[in-house]
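Working notes, beginning with the structure itself.
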């Protein structure tokens, strides 16, 4: 019989004589026009925003590991199964982007700077979650499904502001202007108790498969269609009247899903299955 309370879930695992300790799992889908070292082999990551929204769904906890993606973006040791039994208490998802503009879009073929896009970060961070939903599965069973704003991460930066440092005299060239927009934020209040708490904790056996799925609506895909990049534009490049001198640096956008709960591990100094 399926456990219906937290106590029953933990009792079901006690027969294995394992020790429960607090643990967190996270995985990320990244968008960047430049990846490095082992990141190049991480599946499900994208070079442009346009590539990201060309897919209706994106998967978490299914194909990436810490070895290929790095602990900042994924802390799974195995891509296709759980390393230990786990009891999930809450789920969160966050959309993140650079907190400061200016950003630029890139040409789809040459990946050179095409247009200034100072609001792209805010659009991705705050508007995209309104048009996305998330689903969580263990093996083949769907255990949770909700719109993204109902599943806040409980962590992330907060704050915002905007200013124009120089007078805009040639708006077509941006030659004398360096508008700065700072708007850092996350989905909901960044405290851990502000997460989607599962009504009944989900017990996940060792070697079971788990998967988080992000669904993007048709409108959400249209919203960021044909956006290539993005990249930072340094001050020197922004103010140069020669477009060829407007160099750029890679910027990273992404979506991260996290699980908070308890993992059940072998007691220290004891050896058993």
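The values are calculated or read from the model by the stated rules, or taken from the named source; none is laboratory data. Since the model is a prediction, treat every value here as computed from it, not as a measurement. When we count neighbours, we look across all protein chains shown, and the Cβ atoms used for this are built from the backbone with ideal geometry, even at glycine.
Worth pointing out:
- Test result for residue 155, at pLDDT 85 or above and within 19 Å of residue 89 (Cα to Cα): yes
- Residue that is in contact with a helix residue (DSSP H, G or I) (Cβ under 8 Å, 6 or more places away or on another chain), surrounded by 11 or more Cβ atoms within 10 Å (Cβ to Cβ) and at pLDDT 85 or above, where the choices are 261, 203, 229: 203
- Where a residue in the range 133-152 is without any contact (Cβ under 8 Å) to a residue 60 or more places away in the chain and on the phi < 0 side of the Ramachandran plot and its partner, wherever it lies, is surrounded by 17 or more Cβ atoms within 10 Å (Cβ to Cβ) and part of a helix (DSSP H, G or I), with Cβ under 7 Å and at least six apart: 149/129
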